[in-house]
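Asker: Below you'll find the structure I mean.
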Amino acid sequence: MGWFTKKSKEPSGKKQHHHDEIWIRCQSCSAHIFKQDFLNNISVCPKCGWHGKLNAYERIGITLDSGTFREMFETVRPCDPLRFVDGKGPYSEKAEQARAKTKLNESVVTGTGKINGLEVVVGVMDFRFLGGSLGSGTGEKILQAANYAYDHRIPYIIFSASGGARMHEGILSLMQMAKTCAGVARLDERRVPFISVLTDPTTGGVSASFAMVGDVNIAEPGALIGFAGRRVIEQTIKQKLPEDFQTAEFVLEHGFLDAIVHRRDMKGALHLILSYYNR
Amino acid sequence: MERELEFEKPVVELERAIEKLKNSAAENKGDFGPHIEELEKKCEERKREIYDALSPWQTVQVARHPKRPVLHDYISLIFKDFVELHGDRCFGDDRALIGGFAKLDAQKVMLVGHSKGKNIDENVRRNFGMAKPEGYRKALRLMRLAEKFNVPVVSFIDTSGAYPGLDAEQRGQAEAIARNLTEMAKLEIPVVAIVTGEGGSGGALGIGVADSVLMLANAVYSVISPEGCASILWRDASYSAQAAESLKITAKSLLSLGVIDEIVKEPAGGAHSNHQATANAIKSALLKHLKKLIPLSPQKLIQRRFEKFSEMGKFTK
């Protein structure tokens, strides 16, 4: 239960988009920022440091050495195994719309590349694709990338951005939690490092699977990280939750993160950690 | 009579009629023997018919039936010499998820399972079977102990979900479940899990990464409750029946999706109508699967489990 109640922010995002192409409004300090300034600043608010979402290829662009990314398993895509239909129509149509809109086949992009010369396998989730939800295809790609890291003994890094499981794939979505964890569990056997980078948001079934079991867990500042949705918890315990509840800072405070790292320093931090790894 | 389910009404009426006749017979008001027999036969048939044709939403009602056996019933009906072991050694003891050594006939096992209560007081004490991080951490501790003692793990799943609360989040509900999923993949001993009632999402899977996953015929196992799904995707919880249909949460659906390995039959009229028969069916299913798994080497078990979960899911390549 729980994590699905975290609704996608897409609709309001769309309105803002329509509202202005040139200016954007910071979701944290509400400042109006010249969009180009925001993008030049790797989608971080120049006024308050709020970290906006990056799509998978933007993330790869700022993380891997230029020209080193080689994509793998890119043809994996959803197939609507339950023939799921909800109040708004069939999942198959929804998935096709997501593919057309994002030019992605699934909610994660996987491949290999280099970080300051160090070889890595990466999985980068993209929130634009059905809220980064964990579908069968997502799980398959995360597992296959883990298997590649296992076979070639290359460090594995996953950047999470997900509302959690994908309800439209029912129980098969839940099983992706076990599947992805089985994949990263095997890395221990061969002493292959696994670094989890949790970005906004990492909740529900993704936080309760591979994203929380990195050898090192790093988050971006202010990222929403948690298991159950805020509204569900408030309804359950019948009290208001603290303002900082389920932020990266809250999760660090409670001992589940190794560090919170600013986006501009992330590549350097990843490289520094991996530099301690004696193959 | 306890809260009967709407679709059980014809059966309940027959049962009442039988009861009446029996009372009259006892008061020597005539010989109703053949009549009673006929009615009882009819009642059984009707039960069978009704239970064979349950909709997914009706199955949810059966899975949540207040008279459905809970873990403590199964412990006394299936196991002997249960030694409950408490605490996660970090924070506390979760009464919603319990465990300990137990014997299935001569077979020694480590039992872990969600523990729902049978009444309000008991349910409050056991948090309605909704475990917190300390529950999952205790379960993991016990599974590791099972590894050390070289006994297989038997896991009973029956929870509406992991507890969604402030304290659970503070203590890392997500991490506790994630850790179990990761560590269960590496356990060197056989693990058999059975969903006996509600298999509620991550809270269920947190003790459900098993070599054999079984399910009672009227249990449900889902990524989200039908109510939760309806209120998100239909924006109205009154669409729960449709959501239950769409989510494919019944044992039959899960067997065809390759998520479970076997359906354990319930007596006509559901598990709540006959605890003993249900327990017997579970016991023989557990023994059958354990017998198959126990001879396998640790490496083989881990390999098989990895392959089993690697194959979960359906997508286009």
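The values are calculated or read from the model by the stated rules, or taken from the named source; none is laboratory data. A quick note: this is a predicted structure, and the numbers were derived from the prediction, not measured. Backbone-built Cβ (ideal geometry, glycine too); neighbour counts: all protein chains shown.
Asker: Of these, A:D265, A:D200, A:D244, which one is at pLDDT 95 or above and more than 15 Å from the chain's Cα centre (by Cα)?
Answerer: Numbers: A:D200 fails: more than 15 Å from the chain's Cα centre (by Cα); A:D244 fails: at pLDDT 95 or above.
Answer to the check: A:D265.
Asker: Within the range A:238-258, take every residue that is outside any loop (DSSP other than H, G, I, E, B) and surrounded by fewer than 17 Cβ atoms within 10 Å (Cβ to Cβ) and give me the one that is nearest to the other protein chains (Cβ to nearest Cβ).
Answerer: Within the range A:238-258, the subset outside any loop (DSSP other than H, G, I, E, B) is A:247-253.
So of that shortlist, the ones also surrounded by fewer than 17 Cβ atoms within 10 Å (Cβ to Cβ) come out as A:249, A:253.
Details: A:E249: 13, A:E253: 9 Å.
Filtering first and then ranking leaves A:E253.
Asker: Oh, and also: Here is a list of conditions, (1) hydrophobic (A, V, I, L, M, F, W, C); (2) facing chain A (nearest Cβ under 10 Å); (3) closer than 20 Å to B:V264 by Cα; (4) part of a loop (DSSP other than H, G, I, E, B), and B:I224 meets all of them except one; can you say which number that is?
Answerer: (3)
Asker: Run down B:P34, B:P69 and say which single residue is in a loop (DSSP other than H, G, I, E, B) and either outside the structural domain of B:I282 (by TED's automatic domain parsing) or not small (G, A, S) (or both). Spell out how you get there, then give the answer.
Answerer: Values: B:P34 fails: in a loop (DSSP other than H, G, I, E, B).
None of the others qualify; the one that does is B:P69.
Asker: Could you check, for the range A:194-205, whether at least one of its residues is polar (S, T, N, Q) and assigned to a helix (DSSP H, G or I)? Walk me through it before giving the result.
Answerer: First, the residues of the range A:194-205 that are polar (S, T, N, Q): A:196, A:199, A:202-203.
Filter again for assigned to a helix (DSSP H, G or I), leaving none.
No, every residue in the range A:194-205 fails to be polar (S, T, N, Q) and assigned to a helix (DSSP H, G or I).
Asker: I would also like to ask the following. Taking A:I225 as the residue in question, decide whether it is more than 30 Å from B:G199 (Cα to Cα), at pLDDT 95 or above and not in a helix (DSSP H, G or I).
Answerer: Values: more than 30 Å from B:G199 (Cα to Cα): no; at pLDDT 95 or above: yes; not in a helix (DSSP H, G or I): yes.
Judged against the criteria, A:I225 is not a match.
Asker: Does A:G205 satisfy the condition of being of a type outside the set (A, V, I, L, M) and facing chain B (nearest Cβ under 7 Å)? Outline the logic, then answer.
Answerer: Details: of a type outside the set (A, V, I, L, M): yes; facing chain B (nearest Cβ under 7 Å): yes.
So A:G205 passes the test.
Asker: Now for a different question. Could you say which residue among B:A63, B:A53 is surrounded by 13 or more Cβ atoms within 10 Å (Cβ to Cβ) and modelled with pLDDT of 90 or more?
Answerer: Numbers: B:A53 fails: surrounded by 13 or more Cβ atoms within 10 Å (Cβ to Cβ).
Criteria check complete, one pass: B:A63.
Asker: List pairs: first in the range B:103-128 and assigned by TED's automatic domain parsing to the domain that holds B:P164, second assigned to a strand (DSSP E or B) and among the β-branched types (V, I, T), Cβ under 6 Å, 6+ apart or cross-chain?
Answerer: B:V109/B:V154; B:M110/B:V153; B:L111/B:V154; B:H114/B:T159; B:S115/B:I98
Okay, residues lined up against (1) within 15 Å of A:M125 (Cα to Cα); (2) in contact (Cβ under 8 Å) with a residue 60 or more places away in the chain; (3) within 11 Å of chain B (Cβ to nearest Cβ):
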position: A:E140; (1), (2), (3): yes, yes, yes
position: A:A146; (1), (2), (3): yes, no, yes
position: A:Y150; (1), (2), (3): no, no, yes
position: A:R153; (1), (2), (3): no, yes, no
position: A:I157; (1), (2), (3): yes, yes, no
position: A:M167; (1), (2), (3): no, yes, yes
position: A:C181; (1), (2), (3): no, no, yes
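Asker: Scan the range B:137-169 for residues that are at the interface with chain A (Cβ under 8 Å from one of its Cβ atoms) and touching a Phe, Trp or Tyr at 6+ places or on another chain (Cβ under 8 Å) and jot them down.
Answerer: B:S160, B:A162, B:P164, B:L166, B:A168, B:E169
Asker: Take B:K288 and tell me if it is modelled with pLDDT under 95 and either farther than 27 Å from A:A228 by Cα or under 15 Å from the mean Cα position of the chain (by Cα) (or both).
Answerer: On the way: modelled with pLDDT under 95: no; either farther than 27 Å from A:A228 by Cα or under 15 Å from the mean Cα position of the chain (by Cα) (or both): yes.
No; evaluated as a whole, the condition is false for this residue.
Asker: Considering the range B:175-197 alone, what residues qualify as being surrounded by 24 or more Cβ atoms within 10 Å (Cβ to Cβ), more than 10 Å from chain A (Cβ to nearest Cβ) and more than 14 Å from B:V259 (Cα to Cα)?
Answerer: Matches in the range B:175-197: B:P190, B:V191, B:T196, B:G197.
Asker: Does A:T102 fit the bill of being among the hydroxyl-bearing types (S, T, Y), surrounded by fewer than 24 Cβ atoms within 10 Å (Cβ to Cβ) and at the interface with another protein chain (Cβ under 8 Å from one of its Cβ atoms)?
Answerer: Working: among the hydroxyl-bearing types (S, T, Y): yes; surrounded by fewer than 24 Cβ atoms within 10 Å (Cβ to Cβ): yes; at the interface with another protein chain (Cβ under 8 Å from one of its Cβ atoms): no.
Answer is no for this residue.
Asker: Go through the range B:241-254 and report how many residues are over 19 Å from A:R166 (Cβ atoms) and surrounded by fewer than 20 Cβ atoms within 10 Å (Cβ to Cβ).
Answerer: Going through the range B:241-254 one residue at a time, the tally reaches 2.
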